[in-house]
Amino acid sequence: MKKRLGIISLFVMLFLAFIAIWNYSYQLGLEEAYIPIEDQNHLYAIPSESGVFRRSEHALDYSNMPVDENHQRSLTTYYENRAYHGAPPSIPHPVNEHQNMGGQSCLKCHENGGFAEKFNAYAPVTPHPELVNCKQCHVEQNTQSLFKSGHYASIVAPKAGVNHALLGSPPMIPHQIQLRENCLSCHAGPSAPIEIRVSHPERVNCRQCHVPNTQEMTAVGTFKRAGNEE
Amino acid sequence: MQNSLTSRRKFLKKMAAAAAMTAAASMFPGIIFASEQDANVPKGGNLDWKKGPCRFCGVGCGILVGIDKGKAVAVKGDPNSSVNKGLLCVKGYHQIMCTQAKDRLTHALVKKNGRYVQTPIDEALDLVANKMKETMEKHGKDSVAMYTSGQSTIPEGYVASKLMKGAIGTNNLDCNARLCMASAVAGFLTTFGADEPMGCYEDIDHADYFITWGNNMAEMHPVLFSRMLEQKNRRGAKIIDFATRTTRSSTASNTSILFEPQTDLAVANAICYEIIKNGWVNKSFIENHVNFSKGITNMGYGLEDNYKFKDKPTKINFEAYKKFLEDYTPEQVAKYSKVSVKDIKYLAAIYGDPNKKVVSYWCMGMNQHTRGTWMNNLVYNIHLLTGKISQPGNGPFSLTGQPSACGTAREVGTFTHKLPKGVVMNEKHRRLAAKIWNVPYERIPSKPTYHATEMFRAVDRGDIKFIWTQVTNPLVSLPKTSRYRPGMEKDSCFVVVSDVFPTPTSDVADVILPASWHIEKSGLYGNSERRTQHWDQMVEGPGETTPDAWMTIEVAKRMGYGDLFPYSKENHVEEIYKEYTQFHEGAKHGMAPLEVLKKESGAIWPYVNGKSTQWRFNAKYDPACKNGKDFHFYGKPDGKAVIWQRPYEPAPEIPDAEYPFWLNTGRVIEHWHTGSMTRRIPVLHKAVPEAYIEFHPDDAKKLGIRNGEHIKVSSRRGSCVLPASINERGLPTRGQVFVPFFDENMLINDVTLDAFCPISKEPDYKKCAVKVEKA
């Protein structure tokens, strides 16, 4: 009888242990994401073509424009207006209309540019006039002081004149062009920073000669043949 | 918007006054940099600039290569070249970088017990010659074949033809231009009796309208497109993009019209219908210069081995042609072409307006077509009906994809049916070749043998037991490589591959011969506008690399044909060119002498009395016109061009329930053909590191496909896995996917169909049925 009881209690204990372990692992399983996140092997994105030729109808005007030497922007002032290169520039001037999203009031000056007497400067041209909720991304600068200062990491902005693959070959495009597919809006006209103002805006098909560079997104190595590792 | 050159000059002067001229400015003629812009640009020392044509596409831009201490270090556009006037494209500017690739083939490799063993070049050439001879002795001369290229130089093509047809006596010679230009050739021959465009690039400066037929010129012929854009901006010329996919060209055009694959045949006929209906026919032109003909229909698609077809032309009259077109009213055609009636009438009105000058451009969209010859004929019909041909700014213009598809493949004739002048079927042509080659005329067989696709079928069947490929990569570029790769791997065929880099084709070779790259040898190319261009060797190639022409000559000598190849190693290019030009003497095809080509940035043939002929068949410009009228289509015996009655016929494989998508294949601006060169140019590889499959966003949404997700695309022949691309480089129409073919690691040609145009034997890479699923 004792012997039988011993065997029964052994089985009961094994059964309880099984339940405990099963329960524990079930709970652990629940903590894991139930949709596995797949590793994406896709390395890069090919820049979109939308709006590539948008301002090309003004190309000849651009090439005929005289240079206004007294009101030139430089890359330094261009970058100063951005948290980091590629960030949406902040609005460096006072804005009167506070209740709208921007839209027409911004586009009046920033769709086609032109000299603004008030600010003694040429208005930069937006590469994406179809996105009219300007203040979604562009914020005003209403104070010079900080709430709290901090150690904001900074990334090095691309420089002009160092993006050639070969001596004198057309420079590569050293920055991403998402939302900035239309090259002429920043690289042509009186508001273009002097270092990056294109000397040949009438060429229009920029990517005929200037290759996008994916290095900012992923470091693509050199070409490797499948199954032929060096 | 109107603008004169002088105001631009004024502007440049102003800029120049403000900015110092520096070394960088001299790199880009006509472009002046502000001092801030080139502050960081390294200054070029005293580079030695050497002239030549670009290595890549058929536009044939002039390049200047900067040489520093025996090394090529820079490339710029040749300002003296009327083709590109100093401008190039991403590929052109960086081309020399590929020669520095680590895996460059520098020595001959011979396969021994499954491994490649580095072998002295002389020994490897001995082996090739012995093997070729032995195969011929055992299995007959038609058991050996050569497969060359539209990238072969003129001398390379010439010695290959002379070896195969003149020395050995077999027509087993074809080339990769069969895959890209054969329909253009067949179109020219059937309509005009003379190959190659009648106009030239200068047409761009005169035309009011550019109509591109299935042709993404902004990426594929970028320099010509830039010239069109310039005219669009300066003169208000209009670009109309007629295509099956929205591309960079569509975005830049004034109008983009999309059509359902294969229905271009019907739309072209509908345009002719409208032209006749509205009385826009140029009656006197038709009466004086045009005949009407029809040929055999329901030709099939060449899908079966040993498929044969011969067209039988029958003369018809204008009334019969008019009657035939009644099936192609814009209303009827709009139903299946998905082109609106309004758009068809718009296109017809442009062609029909006698005051508007129109150039039609096309390349692979029309040529890689199971009815490619017909399609070429149909566009000629439009230009002939309206008399808009052979005049500055008016004419059909067939573009080429390879740098010497015209110069070598078509003019030297590295096709099975061709001779440097004429065709093997013609006794007079055989006699001329035999005379210049100094061989018995009976040796040149009168029957063509294998065209490209059939040649690799014959390898697969075991009929061809020795094949030598030069300057081409068929196991990436052939259609249905899923059949031809295993075919070439078979032991029944000895494979010799000459190339600059290892490729999937050299992977199956028994002997790999190391070829010199472009500027490491001298040569001549001929571009789309009949321009012949010469270059001298600029740098030394590495290791034992040897020019292809010289390797062919060395093998010919070893096979005992030395007396037919009496050329010197140092001067063979010039000697061969001088011999070759005898074939084309006369006003119809005279070639510019070498002295001229060395001095100038190319010359257009017919080169007569020291002058290029820019517009053929037009008595005002072409001294070969002899009929006393304003035009003379002297390619045809009666001096008249032919308007062909060619119907719409469906594609061989159409999307169905199981395979619901059209598959279209093509290129991107960064990569050229199978990518063996451009992928070894780091700048270009980094811009587009791998192939992808483009979806229409609606299709992607329906299938739940996200950008970058891996997609398996399969047909009845094979499959391939690629990342999805939605709204990136191009936008296919709904129900269509697009894949660029440059990526040897994602072989889309395993999926394509090897159907071809029965007349030209050119495969259709643009249409087959596939299914897609997440991989």
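Observations
- Test: residue in the stretch B:43-60 that is under 22 Å from residue B:685 (Cβ atoms) and within 11 Å of another protein chain (Cβ to nearest Cβ): no
- Segments classed as strands (runs of 3 or more DSSP E), wholly inside the stretch B:117-229, with at least 2 members that are farther than 30 Å from residue B:391 by Cβ and of a type in the set (A, V, I, L, M): B:144-148
- Test: residue in the stretch B:546-569 that is closer than 20 Å to residue B:472 by Cβ, within 21 Å of the chain's Cα centre (by Cα) and part of a strand (DSSP E or B): no
- For the stretch B:763-770, the criterion of being more than 10 Å from chain A (Cβ to nearest Cβ), in a helix (DSSP H, G or I) and among the hydrophobic types (A, V, I, L, M, F, W, C) is met by no residue.
- Residue in the stretch B:436-447 that is more than 23 Å from the chain's Cα centre (by Cα), part of a loop (DSSP other than H, G, I, E, B), among the hydroxyl-bearing types (Ser, Thr, Tyr) and more than 17 Å from residue B:306 (Cα to Cα) present: yes
- Just one of the listed residues (B:279, B:302) is without any contact (Cβ under 8 Å) to a residue 60 or more places away in the chain, more than 14 Å from chain A (Cβ to nearest Cβ) and at positive phi, and it is B:279.
- Set B:450, B:441: member being modelled with pLDDT under 95 and either on the phi < 0 side of the Ramachandran plot or buried (at least 24 other Cβ atoms within 10 Å of the Cβ) (or both): B:441
- Among strands (runs of 3 or more DSSP E) entirely within the stretch B:684-730, having at least 3 residues that are out of contact with any Cys (no Cβ under 9 Å at 6 or more places or on another chain) singles out B:719-726.
- Residue, surrounded by the fewest Cβ atoms within 10 Å (Cβ to Cβ), within the stretch B:78-96, restricted to residues that are within 11 Å of chain A (Cβ to nearest Cβ) and among the hydrophobic types (A, V, I, L, M, F, W, C): B:96
- Of the criteria (1) within 14 Å of chain A (Cβ to nearest Cβ); (2) within 18 Å of residue B:334 (Cα to Cα), which one residue B:248 fails: (2)
- Among (1) closer than 30 Å to residue B:597 by Cβ; (2) at pLDDT below 95; (3) at the interface with chain A (Cβ under 9 Å from one of its Cβ atoms), the one test that residue B:99 misses: (3)
- The residue pairs whose first member lies in the stretch B:131-151 and is under 13 Å from residue B:169 (Cα atoms), whose second member is of a type in the set (Asp, Glu) and crowded, with 24+ Cβ neighbours inside 10 Å, and whose beta carbons are closer than 8 Å, counting only pairs six or more residues apart or on different chains, are B:145/B:174.
- Picking from residues in the stretch B:718-728 that are in contact with an Asp or Glu (Cβ under 6 Å, 6 or more places away or on another chain) and crowded, with 22+ Cβ neighbours inside 10 Å, the one that is farthest from the other protein chains (Cβ to nearest Cβ) is B:720.
- Subset tally (residues that are under 17 Å from residue A:80 (Cα atoms) and more than 7 Å from chain B (Cβ to nearest Cβ)) for the stretch A:154-178: 6
- Count of residues meeting criterion [at positive phi and either within 14 Å of chain A (Cβ to nearest Cβ) or of a type in the set (A, V, I, L, M) (or both)] in the stretch B:646-694: 1
- Scoring residue B:497 on the criteria (1) assigned to a loop (DSSP other than H, G, I, E, B); (2) closer than 22 Å to residue B:177 by Cβ; (3) in contact with a strand residue (DSSP E or B) (Cβ under 8 Å, 6 or more places away or on another chain) leaves a single failure, condition (1).
- Of all the numbered requirements in (1) crowded, with 20+ Cβ neighbours inside 10 Å; (2) modelled with pLDDT under 95; (3) within 29 Å of residue B:470 (Cα to Cα), residue B:742 misses one, and that requirement is (2).
- Residue satisfying all of: in the stretch B:667-682; crowded, with 23+ Cβ neighbours inside 10 Å and not β-branched (Val, Ile, Thr); farthest from the chain's Cα centre (by Cα) among these: B:679
- The single residue among B:635, B:666 that is within 15 Å of residue B:589 (Cβ to Cβ), modelled with pLDDT of 95 or more, small (Gly, Ala, Ser) and in contact with a strand residue (DSSP E or B) (Cβ under 9 Å, 6 or more places away or on another chain) turns out to be B:635.
The values are calculated or read from the model by the stated rules, or taken from the named source; none is laboratory data. Just so it is clear, the structure is predicted and the values come from calculations on it, not from any experiment. As a convention, Cβ positions derive from the backbone with ideal geometry for all residues, glycine included, and neighbour counts pool all protein chains shown.
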